[in-house]
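Nothing in this text is a laboratory measurement; each read-out follows from the coordinates by a stated rule. The structure displayed is predicted, hence computed values, not measured ones. Note that each Cβ is placed from the backbone with ideal geometry, even for glycine, and that neighbours are counted across all protein chains shown.
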Amino acid sequence: MESAATDRAGAPVSVVISKCECFLPLDIPGDVKSWRPDRETDPGPTFRAFARHGEDPNQRRVVRVHDGFNEEGYEVNYYENITEPMRWWQIGKCVLGRAHSVVEVLCEYGTWRVAPPDYCG
């Protein structure tokens with residue numbers, strides 16, 4: 001994302017912003033598998049849980065259910081099962097409605113973490 005900024009003399013400069021206003025990164029992670037749900041197709045049922053890149057999956061994650069994805073985590077509304085499941089293209093959107101990359105997450109001993117690059121569902 002570029003911003004129309006100027007230097008002290010008033011000349012335009014290009015500024016690269018690496019974080020969204022929601023504080024999540026805008027870059028695509030290079031060290032783990034990632035997807036952009038707004039641009040890419042669902043990788044399929046082998047991949048069961050995702051978190052937005054840069055977000056703690058214990059805080060917020062989405063888990064695949066029979067007709068979409070439900071949000072889970074300690075900062076998620078307790079009424080998540082009352083609301084309609086999210087679609088694939090929605091899971092990367094932040095609170096400001098901007099699209100972010102998502103990464104696969106897994107649960108080990110009750111704690112969620114980002115899956116290593118060689119992990120397969």
Among the residues of the stretch 58-78 satisfying the criterion of being in a loop (DSSP other than H, G, I, E, B) and of a type in the set (F, W, Y), which is surrounded by the most Cβ atoms within 10 Å (Cβ to Cβ)?
-> Y74
So which residues in the stretch 79-104 are surrounded by 14 or more Cβ atoms within 10 Å (Cβ to Cβ) and of a type in the set (G, A, S)?
-> G92, A99, S101
Are there any pairs with C-beta distances below 9 angstrom linking a residue in the stretch 34-56 that is of a type in the set (V, I, T) to a residue that is surrounded by 14 or more Cβ atoms within 10 Å (Cβ to Cβ), with the two at least 6 apart or on different chains, and if so which?
-> T41/W35; T41/W88
Can you give me the number of residues within the stretch 35-53 that are under 17 Å from C94 (Cβ atoms), surrounded by fewer than 19 Cβ atoms within 10 Å (Cβ to Cβ) and of a type outside the set (D, E)?
-> 2
Test A115 against the criterion of being among the aliphatic types (A, V, I, L, M) and touching a Leu at 6+ places or on another chain (Cβ under 9 Å), and give yes or no.
-> yes
